[in-house]
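Undergrad: First the structure, then my questions, so here it is.
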Amino acid sequence: MTLSPLPTRPPEAIAAAAKQSSSPTRHRRPRPGFLREQISGWGMIAPAAVLLLLFVFLPAILGFGLAFTNARLISPRPVEFVGTDNFARLFTDPTFWRALLNVTYFAVVVVPVQSALALAMALLINKKFRGVNFFRTIYFLPVVTSMVVVSLLWMFMYRREGLINQLLSTFSFGLIQGADWLNDPATAMPAIIALSIWQAAGFHMIIWLAGLQSISGELYEAAQLDGASRWHQFRYVTWPGLKHTRSLVLVTITIQALGLFDQVSVMTQGGPLDSTTTIIYEAVRSGFKQQETSYASAISLVFFVLVLLVSAVQRYLTREKD
Amino acid sequence: MNNQLLLRSAGTMLVRILFAVVAAFPIVFMLISSLKPDQQIFGDMSSVAAFLPIGNISFDNYAAVFDRVPAARFMINSIGVSAVTVVLGIFINSLCAFALSRMEVRGKRIVFSAILATLIVPFQTLALPLVWWVNQLPYFELDGFSLEFSKGWLDTYQVQIIPFLANAFSIYLYHQYFESIPKELDEAARIDGAGWFKIYRQVVMPLAGPATATVAILTFLPAWNSYLWPLMVVQSEELRPVMIGIQYFFQLNVSWGEVMAYASLITVPVVILFIAFQKSFINSIASSGVKG
């Protein structure tokens with residue numbers, strides 16, 4: 001489970017606020033303890049700031065730079081600038097296009113289905129009733145199970161003679177024979193989609209739940225006085241009240257979907273016939289297994305641009321509707 | 001009318017139970033299968049017995065796991081790496097948030113917005129360049145009385161810890177929480193002659209329990225579950241965390257009972273933590289949603 005939170009305010013707004021508020025004190029004589037406050041303050045900020053600089057800012061800049069070189073993980077040759085060679089190779093690589101297609105397929109199914117199921121679960125346990133904590137715990141159980149364990153478990157259940165096929169056969173009275181899910185290019189991706197939704201829906205249920213509980217109960221009382229049906233209450237009170245939560249859930253699910261890796265790495269290694277390979281899987285395959293850091297950096301850069309693009313588009317779409 | 005209401009609430013309950021069954025059945029299946037010999041797992045699969053602890057029940061699979069895999073070593077590694085990441089992470093991030101929130105430090109707003117800007121970069125983007133980068137970093141080791149110098153952090157404990165200590169989201173959470181604690185408390189402590197670090201340690205941090213619980217959980221889960229990163233940077237068996245251990249089961253003659261035992265072994269501690277600190281878990285996830 002990866003958290004990809006987003007900042008509340010655009011950084012420019014905060015920077016602008018900083019400029020305004022610090023100017024009036026600039027020409028005054030420093031008050032006692034001013035210097036000490038500066039020194040201890042910066043001393044306290046420094047550890048986190050230096051670590052972020054070293055392990056987020058620098059690798060981000062490095063990744064950008066390395067994408068235009070021929071760097072390898074371990075190589076006696078000096079690193080050389082090669083222009084856009086890596087990108088030319090990337091955009092003519094059919095496996096990369098297949099990976100892009102696969103994550104698009106994954107995202108297009110997972111985003112609506114998972115957010116809808118998560119919302120349904122949140123609505124089911126939103127009101128207090130006897131045993132609400134029990135259901136909340138059960139719904140959340142898959143989330144605390146690591147994706148690696150989940151992948152391993154479902155790999156076992158997806159076998160030809162596995163639990164999924166047995167259940168399908170039992171509940172259809174022997175009509176459905178089931179497939180060899182992970183070894184068939186047609187069913188491998190749908191199989192991964194199903195377990196991914198199963199694992200992560202509880203996570204977004206909690207986010208929906210937080211949104212639901214921020215809607216004032218008075219609105220529902222007023223709607224009930226007006227004789228609004230349950231559907232109308234949902235349509236005209238709940239749904240508009242979830243405006244902010246909605247865009248947050250959409251953005252986080254989409255970014256997680258595009259970054260699909262663990263399940264593929266454990267279950268299929270991109271196969272069969274590249275039907276489940278993903279952008280991150282290709283980056284790891286070239287950067288780690290083949291040690292081509294530069295090529296992997298180029299893939300990572302494309303992934304980052306994609307993530308930025310998606311969040312920009314989604315922010316724009318949700319803003320226009322408001 | 002009353003009947004209709006009753007029917008409706010019964011229907012809702014039925015849907016709730018249906019969702020609960022779907023959420024729970026794979027986990028129950030995993031735990032139950034871990035107690036059965038392989039032959040029985042496959043035999044039970046076509047009936048409800050797959051979910052019941054009946055037949056030949058034993059902990060043999062668990063014993064076999066410890067023979068096949070250095071499971072105890074992996075557990076110790078994961079517990080150690082997660083614990084150090086959580087404890088140092090709480091300290092470093094809360095300290096930074098304290099200065100950004102409660103002290104008049106010149107330039108702090110620019111620093112804070114730079115920190116928040118890192119939230120838009122997904123880890124997967126950084127992972128590959130970061131592998132190259134940590135391999136260039138110098139590494140000092142105190143070996144007895146001589147200082148050993150070597151290049152490259154690959155295949156160490158610190159490569160699993162240090163890059164994940166500072167976390168923008170933890171700083172953000174602490175910052176939000178510190179803003180809600182009255183500043184007058186600091187003033188009072190200052191008049192009593194307390195230094196800034198003393199205020200942090202004795203005034204503000206004791207009041208920030210819920211924020212600390214949230215940060216601890218949000219740091220612990222990815223540390224315990226980490227897979228992509230140790231896969232790339234850890235080669236030696238004695239340094240591996242639990243998730244990498246699953247690779248030991250993809251050899252010939254897979255014993256699925258053992259696989260399920262290992263999967264249960266590395267899942268149950270987290271589930272116990274979750275049930276014990278359920279409220280904090282739920283709050284920590286919800287906190288990633290309140291910022292919308």
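Bear in mind that the values in this text are calculations on the coordinates, not laboratory data. Since this is a predicted model, take the numbers as computed values, not measurements. Because the Cβ atoms are built from the backbone with ideal geometry, glycine has one as well, and the counts that use them run over all protein chains shown.
Undergrad: Per residue and in Å³, how big is the convex hull formed by the alpha-carbon atoms of chain B?
TA: Dividing the Cα hull volume of chain B by its residues yields 231 Å³.
Undergrad: Kindly rank A:190-196, A:106-112 from highest to lowest mean number of other beta carbons found within 10 Å of each residue.
TA: A:190-196, A:106-112
Undergrad: Ok, one more. Order these by the 10 Å Cβ neighbour count, fewest first: B:Tyr174, A:Tyr316.
TA: By the 10 Å Cβ count, ascending: A:Tyr316, B:Tyr174.
Undergrad: Pairs of Cα atoms under 8 Å, at least six residues apart: use those to get the relative contact order of chain B, whole percent.
TA: Relative contact order comes out at 28 percent.
Undergrad: Could I ask something else about it? Kindly write out, for the range A:185-194 in residue order, the coupling ³J(HN,Hα) from the Karplus curve 6.51 cos²θ - 1.76 cosθ + 1.60 (θ = phi - 60°), rounded to whole Hz, with x marking Gly and Pro.
TA: For the range A:185-194, the Karplus curve yields x, 6, 10, 4, 5, x, 5, 5, 4, 4 Hz.
Undergrad: Identify which of A:Ala223, A:Ala48, A:Ala283 has the largest mean-square fluctuation in a Gaussian network model of chain A, with springs joining Cα atoms closer than 10 Å.
TA: A:Ala48
Undergrad: Here is a further query. In Å, what is the Rg of the alpha-carbon atoms in the protein assembly as shown, and how long is Dmax?
TA: Rg, Dmax (Cα atoms, Å): 26.0, 86.
Undergrad: Right, something else. Rounded, prolate or oblate, given the Cα gyration tensor of the range A:95-317, with a/c below 1.5 counting as rounded?
TA: Oblate is the answer for the range A:95-317, as a/c is 1.5 or above yet b/c matches or exceeds a/b.
Undergrad: With angles folded into 0 to 90 degrees, how steeply does helix B:209-225 sit against the dominant principal axis of chain B? Use alpha carbons for both and round to 10.
TA: Value to nearest ten degrees: 50.
Undergrad: Quick one: which of A:137-144, A:113-120 comes out on top by average Cβ neighbours within 10 Å, and what's the full order, highest first?
TA: Descending mean neighbour count gives A:137-144, A:113-120.
Undergrad: Pairs of alpha-carbon atoms within less than 8 angstrom and 6+ residues apart define the contacts here; what relative contact order does the range A:170-292 have, in percent?
TA: 29 percent
Undergrad: Just list whichever of B:Lys183/B:Lys279; A:Lys243/B:Lys183; B:Lys108/B:Lys198 have alpha carbons separated by over 30 Å in the model shown.
TA: Those over the limit are A:Lys243/B:Lys183.
Undergrad: Give me, ordered by chain and number, the residues 5 or more places off A:Thr69 or on other chains with an amide H under 5 Å from its own placed amide H.
TA: Close amide H contacts, sequence-distant or interchain: A:Val82.
Undergrad: Just from its helices, what would the mean residue ellipticity at 222 nm be for chain B, if runs of 4 or more DSSP H residues each count -39500 (n - 2.57) and the sum is divided by every residue, rounded to the nearest 500 deg cm²/dmol?
TA: -20000 deg cm²/dmol
Undergrad: Hey, got the average number of other protein chain Cβ atoms within 10 angstrom for residues in B:10-21?
TA: Mean shielding by partner chains, rounded to a whole number: 4.
Undergrad: Further, regarding this structure: Between B:Lys198 and B:Thr12, what is the FRET efficiency for a Förster distance of 45 Å, r being their Cβ-Cβ separation, to the nearest 0.05?
TA: Efficiency, rounded to the nearest 0.05: 0.25.
Undergrad: What is the mean number of Cβ atoms from other protein chains located within 10 Å of the Cβ atom of each residue in peptide A:284-294, rounded to a whole number?
TA: For this peptide, the per-residue mean of nearby foreign Cβ atoms is 3.
Undergrad: Please report the relative contact order for chain A, taking Cα pairs under 8 Å with a sequence separation of at least 6, and give it as a percent rounded to a whole number.
TA: The value is 27 percent.
Undergrad: Can you show me the helix-derived [θ] at 222 nm for chain A, built from DSSP H runs with n ≥ 4 at -39,500 (n - 2.57) apiece and divided by the number of residues, rounded to the nearest 500.
TA: Computed ellipticity for chain A at 222 nm equals -20500 deg cm²/dmol.
Undergrad: Need one value for A:34-45: mean number of C-beta atoms belonging to other chains within 10 Å of its residues' C-beta atoms.
TA: 6
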